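Scroll down for the structure; my scribbles are underneath it.
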Amino acid sequence: MKQIYDFDRYPPPVLNENMLRDKLEKRSKKRQIILLAAGGVLLQITALLLGVLTCDRYPMLSVCCLVYQLVSMSGGGVIAVIYAQKGGNFHHE
């Protein structure tokens, strides 16, 4: 493994258990957010396919699925705009 610090010339960076726990917690939250987003996308795809594939036999179900798509996408857009205005960034540490 390549050494990134020369401990003979400089003191090692300050690191304690709380800092490591915080970093682990941030990684865990990022994973949870990614899984939640992936689940949301899969749910959207499933609802869209259900609406498209059942339009012949169950037109009311198809309309409900498409209305769900519109409401969900508009809600996601509003959340994205609010998050962008507040200056949030998942990659900033």
- prompt: Protein chains only, probe 1.4 Å: how do 65, 55 rank by accessible area, largest first?
  reply: 55, 65
query: Setting aside same-chain residues fewer than 8 positions from residue 86, which lysines have a Cα under 29 Å from its Cα?
result: 23, 26, 29, 30
- prompt: Nearest 10 degrees, 0 to 90: what angle lies between the long axis of helix 59-85 and the longest principal axis of the chain (Cα atoms)?
  reply: 30
message: Mean-square fluctuation check for the chain, GNM, Cα pairs under 10 Å: which of 82, 33, 45 is largest?
response: 82
Relative packing of peptides 68-74, 5-11 - highest average C-beta neighbours within 10 Å first: 68-74, 5-11
- prompt: So how compact is the chain: Cα radius of gyration and Dmax in angstrom?
  reply: 22.7, 76
- request: Before rounding to the nearest 500, sum -39500 (n - 2.57) across all DSSP H runs of length at least 4 in the chain and divide by the residue total; then give [θ] at 222 nm in deg cm²/dmol.
  value: -25000 deg cm²/dmol
query: So what is the relative contact order of the chain, in percent, for Cα pairs below 8 Å that sit 6 or more residues apart?
result: 17
message: Can you give me the angle between helix 17-53 and the longest principal axis of the chain, using Cα atoms only, in degrees from 0 to 90, rounded to the nearest 10?
response: 20
query: In whole percent, how big is the carbon plus sulfur part of the accessible area of the chain, probe 1.4 Å, protein atoms only?
result: 67
query: Each label point is 7 Å from the Cα along the Cα-to-Cβ direction; what then is the distance between the points at residue 61 and residue 4, in nm?
result: 5.3
message: Under the 0.36 nm per residue contour assumption, what length would be gained going from the current alpha-carbon distance of residue 24 and residue 80 to full extension?
response: 17.6 nm
- prompt: To the nearest 20 debye, what charge dipole does the chain have about its Cα centre, counting +1 at the Cβ of each Lys and Arg and -1 at the Cβ of each Asp and Glu?
  reply: 40
query: Can you work out the FRET efficiency for the pair residue 69 and residue 32, with r the C-beta to C-beta distance and R0 = 30 Å, to the nearest 0.05?
result: 0.75
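The values are calculated or read from the model by the stated rules, or taken from the named source; none is laboratory data. Remember, predicted model here, so these are calculated numbers, not experimental data. Please note: Cβ atoms are built from the backbone with ideal geometry, for glycine as well, and neighbour counts cover all protein chains shown. Surface accessibility is based on the protein's heavy atoms, side chains included, excluding ligands, DNA and RNA. Shrake-Rupley method; radii C 1.70, N 1.55, O 1.52, S 1.80 Å.
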